[in-house]
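Okay, so here's the structure we're looking at.
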Amino acid sequence: MDECQIAMNQAKAKNSSQISLSKTMLLGALIAALVVFSMTMIAASRIFTESLSHQTERSAETLITLSFNNMYQIMSKGWNRDELLGFLAEMEQTYDEHDLRFSLYRSDIVNGQFGQLANEIDSDMQPLYDQVLSTKDSLTVETPHGIQTLKPLVARPICLQCHTQAKVGDVLGIMGVQQPISQTVSTARNEFILLMMVLLPIPLLFAAWVGRRFSNSVVNSINVLDKHISSINQVDDLAKLTYEDSMFKYQEFEVLNKSLNQLGDKLKHIAIDRDILDFEIQLLDKLVLSSELIKDWKQHICILMNEINHILPLYTMFVVFRTDDVEQYVIEIFWLGVPSQKIQKEMESHAKRLLSNNSIFDEGAVFNVNHTFTTHDPLEIQTRIKTQSKSLLLETPKIGGVVGLGVETFPPKESSRSVVVESVLTTLVNVIGSIKAINKFTKELEYYATRDPLTHLYNQRVFTEMLSYEVVRAKSHDYPFGLLMIDFDNFKLINDQYGHAFGDEVLQNFALQVRSVLEEGDIFARYGGDEFCVILPEKDLKAVIKVAENVIEATQALKLVSPKADTVSIACSIGISIYPDHADNKEDLFMVADNMLYRVKDSGKNALSYPQEGDLVQAYKEHNDQSVFILHSLETGEPIEPNFQPIVNISDGRIEVHELLMRLRQDGELISAGRFIETAEHMGLVNQMDLILIDKALAHIQQTGYEGMLFINLSPKAIVASEFITKIQKLTNKYQIPASRIVFEITERETVGNVTLLEKFVIELRSEGFRFAIDDFGSGFSSFQYLKRFPVDYIKIEGEFINNMAKDKIDLAFVESAVNMAKSLNIQTIAEFIENEETLNLVKELGIDYAQGFLLATPQPTFLPELKADRQKMMQS
C-alpha cells in the first residue's frame, strides 16, 4: 500500500471517529428538553404538595374555630359532664364521616377542677400537646396518619366565671384536627403525571425542531465557508473570505464573522502565492552576483524577462545608471520581441521624460538609447505601454540609477501579483546597482593596485616590476637607461611646521612639476614617503644628468603658500645610476642610485650625484661591508644589542611598559639599526636578526626580574616567515615569561598588501596569549580597517600627529577621534614622539593612556624602574 492510500485511510478513520455536529446538537436539545421537563414536573409536584398542606392547615384552623364556637355556645348555657361527652361523641362522629379525626385535650387546670375525661390522647401525641401548652401557639405537623393541627384554647376573662382556678392567658385545653391527605396527594400526583406524559412529546418535538434548525444553519454556514476556502487557489481569492453580510446568521457569532473578515484582509496582505514565491526564489538564484553575471549582465536580463513574462505579461524593461559625474547616459531598453519603430520611439521618449524628472540625473542631461531584443520574433503591442520604475541612490560609492518595467496593464495594488512588480524592480535595481558598483570598484582597485592614491603616480610594487622589465628590455635591445632616486630635502620640517595636509599638497605639486619635465615614455613612481623614482628609457648618462638638472630647477621654481601665509620653497636631492654602466641588474642599480642619493644628502643636499671613478668600488664595498657585518651579527650575535625605551602610564607617571629597540655595535660605537635594515631586508635576514634581539631581551628580563610589559616591533617579513610564532613561544617558555606580557607591534602602513595574511598571523598570536598593537596608527590607509578586523589591544598614534596637534587643528581632531574611538572599543592608546611639555599636556587632556618620547626618557640598555625626579614632577603637574 503506497503512502497516499495510507494517508487516505487514516483520514477516513479519523473522520469516522469524529462526531456529527447536527446529531450532537439534536441529541443535546432532546436531553435538555427532557431535563427541563423532568425538573418542571418535580417542581410542580412539590408546589402542589406544599399548596395542599397549607390549604389543609387553614381548613383545620377553620374547623377548630367552628367546633370551639359551637362548644362555647352550649357550654355558656351550662352543661353537665354527660352533655359534654355527648357533644364530643357527636363531633367525632361528624368528623369521621368526613374522614377527619377530632380530639380535645384538657389541661391540668381544667382537669383539677372538673376531673378527667375518658377520651384521652395517644401517648405518642403527648410531646406535641406539651409543646403547644408551653408555647401557647398553634402547631401543624405531618404525621404517619396525616396532617395534625393543634390549637390552644387560651383563657379569656369571660372564661374565669366557670374556670375559677385559671387565670387569663392560661391554656385551658387543646383542640386538634387530623386530616389524612396521602390518598388525595397520591391521586392528584398520578393525574398530574398522566397529564405531563401526554404533554411530553410537545417539548421534545420543539427541542428537536430548534436543534435541527440551529445545526442546519451552522452546518450550512460551515459548508459555505468550506466551499469558499476550497476555491482559494491564489492570494487574490482570499477576498472570498470577506463579506458584507454575516456568514453565520446569529448575533452571537458576529465576533466570528468579523474575525473571518479580518483574517481574509490580513492574509491578502501577508500571504504570497506559491508560484510567486517560486519565481522570487528563481529570481534570486539567477541574480546571485558572480563574475559571469557581472560580465554578461545584459544576457541575464534577457533570460530573466522571459521568466517574468510567465508571472506578469511583460513588454519591455529599461535600465540606466550613473557611476561618475558625466552629462551623457545610456538608456538600455530590453524588449521581449521586436516592436515597431514607432513603439520604440514612443518608449524612448517616455523613458527620457521619466528620467529627466529624476533627481539622480543632472538637469539637461543627455540620454542616448540602446535597444536589446530577447528574440527576433515580432512583438505585437495593441495598447499603450504602462510603466513602473524604481530608483537607487548610493552615496558611497556614488552610484544612482533607475530600472523600469513596461506592461500592458499592472495588477491592482491590493493584488498579490503587484508583489511581482515591486519585487522584480527592487531586485533588479539593487543587483544592477551592485554590478555597476563592483565594476567601479574593480576599476578603482585595478588603478590603485598600481598607483599611489595621493599623487596618482606608480607605486613601489609597480616600479620594482617595471625596473625588472626595463633591465630585460634594455638587455635584449642593447640600449642604456637611467634611474633617478629623488628625495625631498627637509620634508619632515615642512610637515612638522605646517601639518600633514600641506605636506600632502607639496607632494602633489612636486609630482606635477616633475611630470612636466619628463617625456612621455619615462616612468615616474612614488617609492614611499618623500622618495620618488624615475626610469628614463634609452638615455645615456649625459641625457639622464640633463633630466635630473631639469627636475632640480623645476623643483626650485615651485613656490607654495602655506596655511600660515608663508611662501615655502622646495628642494630635492637626486641619486643617479645608469644601465649597464653602473650595474646590470635591478638590485645593484637601485643600490648605486640610493648610495649616490645619500652621498648628496650627506654633502649639502639640493644637488645630484652619479658614480664617478672609484665611486662604484666604494659603493659596492660599503654594501658588501654592510652585508658582511650583518652576516657576522647573525653568526655571533654580539653586535646586536637590545635597548629599551620606557612607556609611561599617564595617570600615575609609573613606567609600566618598555619598547624593544635594536642597536648594533660597530667599531665600538653603538649605532641605530636603521642603516642596515634595508640591506638586511634585501638579504632576507631581518627576521633572524629580530629573533636574536628578542632572545637577548627576554634573557635580560629574566636576569633583572623586570615585571612590566615589553613591546616588540615586527618586520612584515615576520608575517610570512615559517614557524616565527613557534620560535617566539619557545623563547618565552625558555625564559619563563608569560605570553600576556609580550605585545607585538606592526606598522600598518607596511602591511597594507598583506591584510589577509596579517589577520591570520594576528589571530594566531592572540590564540597563544600574546597581545597586539598597531604602530604609527593613522599613517597608512587601513587604520580603521585593522581595528575592525583584528583583535587589537593597543594603538600607538602616529608621532607626526602627536607632534603637530598643538599647532594643527586637523592633527588634533584626528588624535581626539582616535582616542574616543579606542575608548569605545576598550583599546588602550599610546602617544609617541612626545618632545615638549605642551604636547605632553595635550596628551593628558585628551585622556591618552600612555606616553613615550625623548622628553620623558631615551632608550636605555636596561629597564628603567622609574622616571627621573624632574620628569616625574612634570608628569604630576
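Do you know which of the residues in segment 322-359 that are modelled with pLDDT of 80 or more and of a type in the set (A, V, I, L, M) is surrounded by the fewest Cβ atoms within 10 Å (Cβ to Cβ)? Talk me through it step by step, then tell me what you get.
As a first pass, look at segment 322-359 and keep what is modelled with pLDDT of 80 or more: 331-353.
Those still in the list that are of a type in the set (A, V, I, L, M) too: 331, 333, 336, 338, 343, 347, 351.
Values: Ile331: 21, Ile333: 21, Leu336: 22, Val338: 16, Ile343: 19, Met347: 24, Ala351: 24.
Filtering segment 322-359 for residues that are modelled with pLDDT of 80 or more and of a type in the set (A, V, I, L, M), the one surrounded by the fewest Cβ atoms within 10 Å (Cβ to Cβ) comes out as Val338.
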If you go through segment 140-168 one residue at a time, how many are crowded, with 17+ Cβ neighbours inside 10 Å and either within 30 Å of Thr49 (Cα to Cα) or among the acidic types (Asp, Glu) (or both)? 9
Within segment 694-716, can one find any residue that is crowded, with 18+ Cβ neighbours inside 10 Å, at pLDDT 70 or above, part of a strand (DSSP E or B) and over 44 Å from the mean Cα position of the chain (by Cα)? no
Which helices (runs of 4 or more DSSP H) does segment 573-683 wholly contain that include 1 or more residues that are modelled with pLDDT under 65 and among the aliphatic types (A, V, I, L, M)? 615-636, 674-683
Go through Gly499, Gly503 for me and flag whichever is more than 26 Å from Tyr579 (Cα to Cα), free of Cβ contacts under 8 Å to residues at least 40 places away in the same chain, touching a helix residue (DSSP H, G or I) at 6+ places or on another chain (Cβ under 7 Å) and open to solvent by less than 70 Å² (accessible area, probe 1.4 Å). Gly503
Qualifying residue in segment 450-458 (condition: modelled with pLDDT of 70 or more, within 41 Å of the chain's Cα centre (by Cα), closer than 27 Å to Asn309 by Cα and assigned to a strand (DSSP E or B)): no
Can you name the condition, by its number, that Ala43 falls short on among (1) closer than 22 Å to Gly115 by Cβ; (2) surrounded by fewer than 15 Cβ atoms within 10 Å (Cβ to Cβ)? (1)
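Identify, from the list Glu866, Glu845, the residue that is under 39 Å from the mean Cα position of the chain (by Cα) and of a type in the set (Asp, Glu). Give the derivation first.
Values: Glu866 fails: under 39 Å from the mean Cα position of the chain (by Cα).
Answer to the selection: Glu845.
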With the requirement that a residue be touching a residue at least 40 places away in the same chain (Cβ under 8 Å) and open to solvent by 10 Å² or more (accessible area, probe 1.4 Å), what does segment 785-811 give you? Leu787, Asp793, Glu800, Phe801, Asn803, Lys807, Asp808, Ile810
Exactly one condition in (1) modelled with pLDDT under 75; (2) open to solvent by 10 Å² or more (accessible area, probe 1.4 Å) is not met by Leu691; state its number. (1)
Can you find even one residue in segment 822-832 that is in contact with a helix residue (DSSP H, G or I) (Cβ under 6 Å, 6 or more places away or on another chain), of a type outside the set (Val, Ile, Thr) and closer than 21 Å to Asp496 by Cβ? yes
State whether one or more residues within segment 117-135 are aromatic (Phe, Trp, Tyr) and surrounded by fewer than 16 Cβ atoms within 10 Å (Cβ to Cβ). no
Within segment 737-759, residues among the charged types (D, E, K, R) and modelled with pLDDT of 80 or more come out as Arg741, Glu745
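Please specify each residue of segment 169-195 satisfying the condition of being over 15 Å from Thr49 (Cα atoms) and of a type in the set (Gly, Ala, Ser). So that I can check it myself, show each step before the final result.
Initial filter on segment 169-195 (over 15 Å from Thr49 (Cα atoms)): 169-178, 194-195.
Listed by number, the residues that qualify are Gly169, Gly173, Gly176.
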Every residue from segment 180-195 that is modelled with pLDDT of 75 or more and either open to solvent by less than 60 Å² (accessible area, probe 1.4 Å) or closer than 30 Å to Leu260 by Cβ (or both): Pro180
Find the residue count for segment 530-542, including only residues that are open to solvent by less than 50 Å² (accessible area, probe 1.4 Å) and over 15 Å from Ile574 (Cα atoms). 2
Name the residue, out of Leu104, Leu88, Leu66, that is among the aliphatic types (A, V, I, L, M), over 30 Å from Asn223 (Cα atoms) and not in a helix (DSSP H, G or I). Leu104
Is at least one residue of segment 812-833 buried (at least 20 other Cβ atoms within 10 Å of the Cβ), more than 16 Å from Phe777 (Cα to Cα), of a type outside the set (S, T, N, Q) and modelled with pLDDT of 90 or more? no
Selection within segment 57-91 - within 21 Å of Thr143 (Cα to Cα) and touching a residue at least 12 places away in the same chain (Cβ under 8 Å): Glu57, Ser59, Ala60, Glu61, Leu63, Ile64
If you scan segment 506-522, which residues turn out to be open to solvent by 40 Å² or more (accessible area, probe 1.4 Å) and either touching a Phe, Trp or Tyr at 6+ places or on another chain (Cβ under 9 Å) or not in a helix (DSSP H, G or I) (or both)? Arg515, Glu519, Glu520, Gly521
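Please find, among Leu856, Leu840, Leu864, Leu765, the residue that is of a type outside the set (D, E, K, R), over 27 Å from Phe724 (Cα atoms), crowded, with 22+ Cβ neighbours inside 10 Å and touching a residue at least 40 places away in the same chain (Cβ under 8 Å).
None of the others qualify; the one that does is Leu856.
The values are calculated or read from the model by the stated rules, or taken from the named source; none is laboratory data. If you're wondering where the values come from, they're calculated on a predicted model, not measured in any experiment. Neighbour counts are summed over all protein chains in view; Cβ atoms, including those assigned to glycine, are modelled from backbone coordinates with ideal geometry. Keep in mind that these areas ignore ligands, DNA and RNA; they rest on the heavy atoms of the full protein, side chains included. Shrake-Rupley method; radii C 1.70, N 1.55, O 1.52, S 1.80 Å.
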